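Everything on this sheet refers to the single structure shown next.
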Amino acid sequence: MYLMTTQSSLLNNNALAFIALSNEYCQALESARESERIPFVENMLRLLPRIYISATDLQLNQFLAEDAYLEGRLDEDFYDSVRRGVENLLGPDDTYLEVFEEDMKYSDTPIAASVSEGLADIFQVMYNLLDAIRDMPEEVVLSALVAVKDDFEAYWSRVLCNVLRALNHIRYTSTTADE
């Protein structure tokens with residue numbers, strides 16, 4: 001279990017909610033191999049919007065630090081294991097056409113993206129956060145949240161939205177045999 005259990009005076013409800021959602025998301029991805037396809041997709045469709053809203057609502061301006069950095073703790077083998085678990089679960093629906101890719105402006109051919117890679121990229125951020133803040137003082141937790149918020153704004157908010165669109169397509173175009 002990744003969740004901090006201590007009470008905090010510096011961490012507001014939004015920060016605690018984000019940490020709890022990060023924990024729930026990591027658990028869902030780690031157990032993707034044991035999941036059924038449509039229930040997994042439905043769970044992601046419930047979690048991802050909440051994560052997006054929670055990350056957007058993080059109010060950490062008073063704690064902004066130039067040196068806010070989150071060390072990469074997730075090793076490549078674990079990342080690949082999580083990614084492959086989702087890829088195997090989604091099968092051919094793992095690949096979707098990415099229309100918001102910057103290179104798309106200059107390309108005559110569609111650019112393919114992977115749901116499993118996008119989910120694993122978000123997993124990496126969440127895992128690194130949860131691992132970094134476990135049993136740490138509030139100041140370290142706040143600094144880690146600042147780093148995650150910065151990374152959200154720079155990168156993974158876009159990944160989350162793109163993957164959400166692809167998962168929505170899987171959920172509402174799947175045949176009843178998948179359910």
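The values are calculated or read from the model by the stated rules, or taken from the named source; none is laboratory data. What you see is a predicted model; the values in this text were computed from it and never measured. FYI the Cβ positions are ideal-geometry reconstructions off the backbone, even for glycines, and counts take in every protein chain you see.
Laid out as a table, the results:
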{"quantity": "Selected residue [modelled with pLDDT of 95 or more and surrounded by 17 or more Cβ atoms within 10 Å (Cβ to Cβ)] from Val146, Val163", "calculated": "Val163"}
{"quantity": "Candidate set from the range 127-162 (those that are of a type in the set (Ser, Thr, Tyr) and in contact with a Leu (Cβ under 9 Å, 6 or more places away or on another chain)); member that is nearest to Ser22 (Cα to Cα)", "calculated": "Tyr127"}
{"quantity": "Unique residue being at pLDDT 75 or above and in a helix (DSSP H, G or I) when the list is Leu97, Leu89", "calculated": "Leu89"}
{"quantity": "Complete set of residues in the range 100-135 that are under 16 Å from Asn168 (Cα atoms) and either polar (S, T, N, Q) or modelled with pLDDT of 95 or more (or both)", "calculated": "Ser114, Val115, Ser116, Gly118, Leu119"}
{"quantity": "The range 166-176, residues that are of a type outside the set (Gly, Ala, Ser) and either modelled with pLDDT of 95 or more or part of a helix (DSSP H, G or I) (or both)", "calculated": "Leu167, Asn168, His169, Ile170, Arg171, Tyr172, Thr173"}
{"quantity": "Residue under evaluation Glu153, criteria (1) among the acidic types (Asp, Glu); (2) exposed (fewer than 14 other Cβ atoms within 10 Å of the Cβ); (3) at pLDDT below 90, criterion not met", "calculated": "(3)"}
